[in-house]
Amino acid sequence: MKTLTLLRHAKSGWDDPVARDFDRPLNDKGRRAAQTMGRHMRDEGLVFDHIVASPAVRVMETLDAIASGYGRKLEPVWERRIYLASAATLLDVVHELPDEAQRVLMVGHNPGLEDLAMLLVPFGGGALRDRLEEKYPTATLAEMATGAERWRAVAEGQARLDRYVRPRDLDPALGPDER
């Protein structure tokens, strides 16, 4: 059975003057959150046969910080279609994943990742699904058992959400900023 893990990029620096959204970097809190998630992934023994990611700067920097906490280099396949993609486009990317990969990490952006997770995991899919539906914050990880033997067969409403971890679940200081 194929396992798909979705990771939203960490918090980016909206105060950073960049010409294009694509070039927006992480802020300090985002780097800390990504390192924390990397340590969590290491401690939980999460490994991936294949990583596919948006080539946006904030995703690249998220993966660098994740690797710092994880303790090993992550070598994604950069897929431009993931940048600000809809759930339908992301599902197309999933359907094209190599079948020899059993555990895939996809790193990208909202609202597409959240919409994809909600598309794959049926309504009423339990407490984790309810938390996902509330919000999919930056640097959050969602792991789904797809129920499929081939990536092409991953289908709407057929996945089970087995893990949903936000940075603030690991360190309350990484929660939302006070206003």
With no solvent term and unit scatterers on the alpha-carbon positions of the chain, Debye gives log₁₀ I(q)/I(0) at q = 0.10, 0.12, 0.15, 0.18 Å⁻¹ of -0.34, -0.50, -0.80, -1.18
Taking r as the C-beta separation of S68 and D99 and R0 as 30 Å, the FRET efficiency to the nearest 0.05 is 0.45
Percent antiparallel among DSSP beta bridges confined to the chain, nearest 5, equals 50
Most fluctuating of T89, T140, T62 in the GNM of the chain (C-alpha, under 10 Å) is T89
The percentage of the accessible area of the chain (probe 1.4 Å, all protein chains present) made up of carbon and sulfur atoms, to the nearest whole number, is 47
Among P167, P137, P17, the residue with the largest mean-square fluctuation in a Gaussian network model of the chain built from Cα contacts under 10 Å is P17
Taking the chain and counting helices only, DSSP H stretches of n ≥ 4 at -39,500 (n - 2.57) each over all residues, the nearest-500 ellipticity at 222 nm comes to -10000 deg cm²/dmol
Among segment 54-85, those whose backbone N falls under 18 Å of a label point 7 Å along Cα→Cβ from A19 are 56-58
As straight-line cross-link partners of K11, the qualifying lysines (C-alpha separation under 16 Å, not fewer than 8 residues apart within one chain) are K29, K135
If the chain between D43 and R80 were fully extended at 0.36 nm per residue, the gain over the current Cα-Cα distance would be 10.3 nm
Relative contact order as a percentage, segment 79-179, C-alpha pairs under 8 Å and 6+ apart, gives 27
As a Kirkwood estimate from alpha-carbon pairs, segment 89-179 has a hydrodynamic radius in angstrom of 13.9
Counting only protein heavy atoms and rolling a 1.4 Å probe, one gets per residue an accessible area for segment 70-131 in Å² of 48
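The values are calculated or read from the model by the stated rules, or taken from the named source; none is laboratory data. Note that this is a predicted model, so its numbers are computed, not measured. Cβ atoms come from the backbone with ideal geometry, glycine included; neighbour counts cover every protein chain shown. Just so you know, the surface numbers come from the protein's heavy atoms only, side chains and all, with ligands and any DNA or RNA stripped out. Shrake-Rupley method; radii C 1.70, N 1.55, O 1.52, S 1.80 Å.
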